[in-house]
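Just so you know, all these numbers are worked out from the coordinates, no wet-lab data involved. The shown structure was predicted, so the numbers you read here are calculated from the model rather than taken from an experiment. So basically every Cβ, Gly included, is an ideal-geometry build from the backbone, and we count neighbours across all protein chains shown.
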Amino acid sequence: MQLTSSLDYFELENGLEFLPVDIQHSWRAMLNKVEPTQLGVWRLVDIWRTRPRSGQENRLIVRTIDENGGPVANVPIAFSYSTADQYPLTENFLWRPPSRQAFVVETGGDGQEEQIQNKPVKQNEPGGITVYCLTPEFSSDYVTGLGALADHTGLFLTFQLRRPGVLPYVSQIKALTARLQTFEQDLSDLDSKLERYLSGEI
């Protein structure tokens, strides 16, 4: 599934509920949903294949966006695998990440980070990489079984931040427009009743 706008993403109330069937089949990958902390959660809202010989081959690319679809920089991304170094879990973490072993790197100014995969996923076996956002205040959905395929196909994942009470600008404008339409209809009904009153109909 490749969506086209931040509003489309936000209309997925809890993000993706499961991975596309072709990705489940080719990677033996699995999406794991988590409970939000009181401050919010990173939801997986999109995942799609990269193309071989596209400059994105053999890569797991992660993009982080806010509620409006804008890039979020300096988000630690965990690429977890069995031989990765352990990372410290500080006391300010409000949730328990799925692993304590990961290569952790922050997203850049464009909200993206990537990891090149040197060993392809074996056919009919899950890949060895688990990916999630590693922020102490916001929990994160995580995807297991990732890697690059033998034909060098990788994956592009988008995580969107969801915070209580924060709506994208487009949704706010949409809500205000609906309220304005209701007000205009009420005003029209009132005007109609006034005309009928003045004409003696009521």
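Some observations on this one:
- Peptide packing: for 127-138, 17-28, the average count of neighbouring Cβ atoms within 10 Å per residue gives the ranking 127-138, 17-28, highest mean first.
- Karplus (6.51, -1.76, 1.60) ³J(HN,Hα), θ = phi - 60°, over the range 38-47, in Hz, Gly and Pro reported as x: 5, 9, x, 7, 8, 9, 6, 10, 7, 8
- Net lengthening on full extension, S199/T182 (0.36 nm per residue, minus Cα-Cα): 3.5 nm
- A dipole drawn for the range 1-131 from +1 and -1 charges on Cβ atoms has a positive end, and of Q24, L60, Q123 the residue lying farthest that way is Q123.
- For R59, nonlocal amide neighbours, meaning residues 5 or more places apart or on other chains whose placed amide H falls under 5 Å from its own, are Q117, G154, L155.
- Summary value for the range 6-162: 38 percent relative contact order, contacts being C-alpha pairs under 8 angstrom separated by 6+ residues.
- Loop-resident GluC sites (Glu not before Pro) (DSSP state other than H, G, I, E or B) in the range 28-103 with no more than 15 further Cβ atoms inside 10 Å of their Cβ: E91.
- The modelled label-to-label distance for the pair R96/S82, using points 7 Å beyond Cα in the direction of Cβ, is 2.3 nm.
- Where N is the number of residues in the range 1-155, Cα Rg divided by 2.2 N^0.38 Å: 0.99
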